[in-house]
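Beneath this line is the structure, given in structure tokens, with notes to follow.
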Amino acid sequence: MSRLQKGIIGAAIIYAMVFIAMLILRPGTPEFYHAFFNTYQIIPPICSGIGGVFYFFRGRRMSPMRRVGWLLIGIACLSFALGQCTWTYYESIRGVEVPFPGWSDVGYLGAYPCLIVGVFLLFGSMPVAGRTKLILDSAIAALGAGMLSWHFVIDRQWETSDLPKLGKIITVAYPLGDVITIFGVIVLLKTMTADRVMRRSCAFLAAGMTLLAFFDTSFAIMTLNGTYKTGSWTDWACSFSWIMIGFALVLPTWLPGSNKAVSITERTRNAQTSLMQMILPYLAAFAAFAVICIRDYNEPPFHQIGVSTLVTGLVLILLVILRQMFTLTENRRLTLQLRRTNEGLEETVAQRTRQLEWRTEQLAALHRLTKEINTTLDHDQVLNQVLEHAPNLLGADAAVIRLGDPASSSEANFPIVRQTGFGQSGPGLNWIDQLPRCREIEVIHMPGGAGCAGAYLRAPLLWQGQILGSVGFVRWMSDFDASDVKIIEGVGLEVGAALNNARQYQTAKHAADRDSVTELYNHRAIHQRLDREFETAVQQNRPLSVIMMDLDNFKLFNDTYGHPTGDQVLKHVAKALSETCREGDLAGRYGGDEFIMLLPDTTANDARALAEALRERINFDGFRRPGDERIVPIGLSLGIADYPNDGLSRHDLLNAADSNLYEAKVSDTGIAQTSSTQRSNRKLRAEQSFGTLDSMVTAVDNKDRYTRRHSEDVTDFALWIAAELGHSDDTMRDIRIGGLLHDVGKIGVPDSILRKPGRLTAEEYEIMKQHPHLGALLVGALPGMESSLDAVRSHHERWDGKGYPNGLAGNEIPLLGRILAVADAFSAMTTDRPYRKGMDWDKALAEIEANIGTQFDPISGAAFLRAARGRRPASPPSAQESIAHERDVKAA
């Protein structure tokens with residue numbers, strides 16, 4: 001509380017104490033006493049009036065109507081003060097009797113219209129109907145109070161008073177005005193349930209009006225009987241009433257307004273109070289009328305109700321009827337309004353319910369979309385999920401997704417990568433395609449006509465301020481609203497983040513799967529894809545081929561031209577591989593200078609055709625270093641293996657391809673695939689005993705590269721003879737084992753003899769002649785190899801008995817030894833050796849034919865000649881000659 005407020009309260013208390021003291025003590029002369037009270041009673045209404053004017057200009061919290069109401073109450077205070085000044089002027093200054101009625105009554109009575117209108121303006125936003133009902137209730141109550149005042153107090157004084165009629169009317173007007181004002185204030189007090197400050201002000205106002213009514217009633221009685229004098233004992237009520245009204249005016253500026261919600265208990269109590277307020281005026285008025293009727297009836301000598309009483313009762317009944325008619329009309333209006341309100345409320349509730357259901361569906365769809373796009377790192381899957389869920393999220397008829405490179409400096413719009421829902425509306429999609437790049441959320445109304453009328457809502461796909469693209473939605477028959485804009489903002493952020501995650505994952509995955517030099521699949525990635533392709537081939541019973549490749553003499557190339565140039569060669573080969581691959585084929589870098597191709601659903605023969613095309617391209621193009629016109633030749637060897645012929649596991653498949661790659665590197669064509677004989681040999685190597693000896697053959701081959709190739713050739717030629725002679729499968733199996741192992745005894749021959757480039761000395765030759773015997777010992781020592789023992793031991797025996805190791809002749813030589821002797825001799829003559837070139841095919845056959853009956857068994861020799869001449873290979877130009885010719889043509 002401020003000092004000013006404390007000062008005003010203190011001054012009011014001091015004023016009241018002085019006033020009461022003067023009433024009790026009555027100091028000084030009567031003239032002083034009257035002058036003091038006349039002057040002292042001017043202070044409260046003047047101060048209260050100033051407070052009302054002050055509040056009108058400073059009370060900003062109230063509505064304008066209520067501020068005007070308080071202003072009128074303040075003017076009423078000033079009007080009363082003006083009347084009091086006039087009274088003081090006549091009585092205390094001029095010393096004459098105050099004329100009645102006179103100018104002072106103008107001031108006094110002038111306060112009542114302002115008070116009454118001001119009180120009713122305080123109803124503020126109360127409807128006109130409510131204000132009218134209060135006026136009628138006030139009129140009924142005032143009429144009842146007036147009837148009682150008139151008949152029991154004023155009537156008798158009216159008849160005996162010598163005042164003129166105007167004076168009598170003015171005297172009666174004071175209490176009637178007070179009654180009307182008091183009732184209005186009481187009703188106002190009961191209606192102020194939400195604003196406690198207003199209720200307090202109205203309480204002070206009602207208290208002040210009650211005191212004023214008490215003073216006016218006593219003043220009227222004393223005036224009518226001529227006993228009123230200034231300083232009467234009732235004058236305190238007048239001064240105190242204006243003090244109370246003054247506090248009512250200043251309280252709203254002292255205390256903050258309050259709009260606290262009304263509790264259910266208070267609402268119930270207010271409803272009960274309103275009912276009492278409606279009933280009490282009728283009860284009071286009719287009670288007053290009944291009392292007056294009883295008084296008239298008991299009044300001698302006529303014992304009848306007076307005409308004035310009946311007229312007053314009639315007026316009362318008319319007011320009640322008017323009040324009821326107004327109430328019925330108002331109730332009907334309120335019923336209609338309530339019905340319309342209920343209908344509107346039902347429609348509003350239904351509409352809000354539909355909106356709530358739609359928003360709930362939107363949130364559920366947004367949740368599904370967010371869940372789907374954040375549980376996958378596949379870029380295409382993210383886009384598909386957006387097209388599947390986002391249109392339902394916004395109730396859209398069509399959707400478009402644009403994506404591009406956020407780092408691009410071009411202002412051109414990103415291309416459309418996904419779209420759905422356009423159907424026959426091609427023009428609509430074309431119109432969208434012509435729009436500039438989307439940089440912010442916007443709703444664009446599509447032009448009418450050409451089948452593309454509608455609304456287009458689009459938003460950028462953002463990630464940390466970068467625009468990755470945009471997503472847009474179309475409604476053909478309706479527009480988008482603000483809530484849709486908020487939804488698409490979330491969609492843009494969620495989809496942008498999901499696309500960025502997918503892109504980063506794809507980038508990391510690509511970097512993890514790709515070789516840094518060639519951009520082909522690296523060793524780990526190609527093995528992973530081989531696992532998947534092999535599993536698919538097994539499940540679907542489809543062929544799968546693998547090509548292993550190796551650059552010939554690549555180390556020498558690096559040493560000659562340098563590693564940077566070597567990397568360029570690898571990239572050149574990788575490009576050729578990528579361009580040669582068909583759809584579904586996979587290429588990878590297997591090692592330093594090794595490459596691999598996976599060919600799903602491809603047989604070995606189809607793989608060979610692809611390998612021949614690739615090798616032809618590599619050999620034909622060669623490699624040209626930057627700034628150098630010379631072409632550096634590139635050699636490429638290729639080994640082919642296929643499922644299921646070369647293995648039933650991926651490891652067997654890779655081993656077969658690697659083995660064939662080794663064969664390709666020593667072959668003329670540079671390409672090798674598994675023959676039927678090699679597959680049979682591979683089955684034999686799977687047997688435990690054979691595998692042990694075959695490991696020894698491999699060891700010999702590591703010392704002398706001639707051995708492995710020679711053993712397989714001998715096996716093929718021996719099988720030709722056996723097939724020509726019609727031997728059984730068991731014999732064929734024994735020949736196969738014997739052919740592959742016939743030189744296993746060379747494991748005991750020194751390296752210097754095996755690798756000697758020239759002719760052997762007699763001593764060296766004797767050592768070499770021991771390898772059949774040593775081989776027989778090795779083969780005979782293992783179980784299951786007994787049937788092939790003759791082939792190993794006797795393949796160097798001669799028909800004329802001049803062979804070794806046992807010098808057997810003719811039919812003494814075992815059958816397998818006779819067959820392998822022909823095959824071994826032919827392979828030895830036709831195979832290139834470091835110290836000589838292999839013999840021509842026809843010349844070698846002539847040698848076989850010339851030595852039949854001396855070196856070779858006539859039957860076996862003749863059978864081989866028939867088989868060999870039937871299988872004689874064509875004699876095309878060599879690969880080197882063809883390549884050289886093509887390069888010459890190209891250079892020309």
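So here's what we get for this one:
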quantity: Rounded FRET efficiency, nearest 0.05, which uses the C-beta distance separating I93 from F54 and R0 of 30 Å; calculated: 0.55
quantity: Heavy atoms of T560 accessible to a 1.4 Å probe, total area in Å² rounded to 10; calculated: 90 Å²
quantity: Residues of type aspartates and glutamates that K843 reaches as a straight line, Cα spacing below 16 Å, ignoring anything fewer than 8 places off in the same chain; calculated: D824, D832
quantity: Loop-located trypsin sites (Lys or Arg not before Pro) in the range 717-785 whose Cβ has at most 11 other Cβ within 10 Å (DSSP); calculated: R759
quantity: Integer Hz, Karplus 6.51/-1.76/1.60 couplings in order for the range 489-494, x for Gly and Pro; calculated: 4, x, 4, x, 5, 5
quantity: Separation between Cα centres of the range 571-628 and the range 312-373, rounded to whole Å; calculated: 81 Å
quantity: Extension gain (nm, one decimal) between H773 and A350, 0.36 nm per residue minus Cα-Cα; calculated: 141.7 nm
quantity: Largest to smallest accessible area among E346, E97, E494 [probe 1.4 Å]; calculated: E97, E346, E494
quantity: R866 accessible area, assembled protein chains, probe 1.4 Å, Å²; calculated: 130 Å²
quantity: Label point distance in nm, A781-L493, each placed 7 Å from Cα along Cα→Cβ; calculated: 8.1 nm
quantity: Net lengthening on full extension, R339/D832 (0.36 nm per residue, minus Cα-Cα); calculated: 166.1 nm
quantity: Computed E for A609/E764 - FRET, C-beta separation, R0 51 angstrom, nearest 0.05; calculated: 0.60
quantity: Two-site label geometry, S2 and L23: point separation in nm, points 7 Å out along Cα→Cβ; calculated: 3.2 nm
quantity: Dipole of the range 339-381 [Lys/Arg +1, Asp/Glu -1 at C-beta], most positive-end residue of L356, T376, L366; calculated: L356
quantity: Residues with amide H under 5 Å from that of R418, placed H, sequence gap 5 or more; calculated: I401
quantity: Span from the the range 426-449 Cα centroid across to the the range 452-471 one, whole angstrom; calculated: 11 Å
quantity: Cβ-Cβ FRET estimate between E849 and V632, R0 fixed at 41 Å, reported to 0.05; calculated: 0.30
quantity: Computed accessible area, D729, all protein chains, 1.4 angstrom probe, square angstrom; calculated: 130 Å²
quantity: 3J(HN,Hα) from dihedral phi, the range 811-817, Karplus parametrisation 6.51/-1.76/1.60, rounded to Hz, x for glycine, proline; calculated: 6, 5, 6, x, 3, 5, x
quantity: Full-stretch length increase - S483, E579 - with 0.36 nm per residue and alpha-carbon distance subtracted; calculated: 29.4 nm
quantity: Karplus-derived 3J(HN,Hα), 6.51/-1.76/1.60, for each residue of the range 73-90, Hz, glycine and proline x; calculated: 5, x, 5, 4, 4, 5, 5, 5, 4, 5, x, 5, 5, 5, 4, 5, 4, 5
quantity: Net charge, M829 excluded, C-beta distance under 13 Å - Lys, Arg +1, Asp, Glu -1; calculated: -3
quantity: Pairwise label distance in nanometres, N374 with W358, each label 7 Å out on the Cα-Cβ vector; calculated: 2.7 nm
quantity: Low-density loop positions, trypsin sites (Lys or Arg not before Pro), the range 577-621 - DSSP coil, at most 15 other Cβ in 10 Å; calculated: R582
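The values are calculated or read from the model by the stated rules, or taken from the named source; none is laboratory data. This is a predicted model, so every value here is computed, not measured. Cβ sites come from the backbone with ideal geometry, for glycine too, and all protein chains shown count toward neighbours. Note: areas computed on protein heavy atoms with side chains; ligands, DNA, RNA excluded. Shrake-Rupley method; radii C 1.70, N 1.55, O 1.52, S 1.80 Å.
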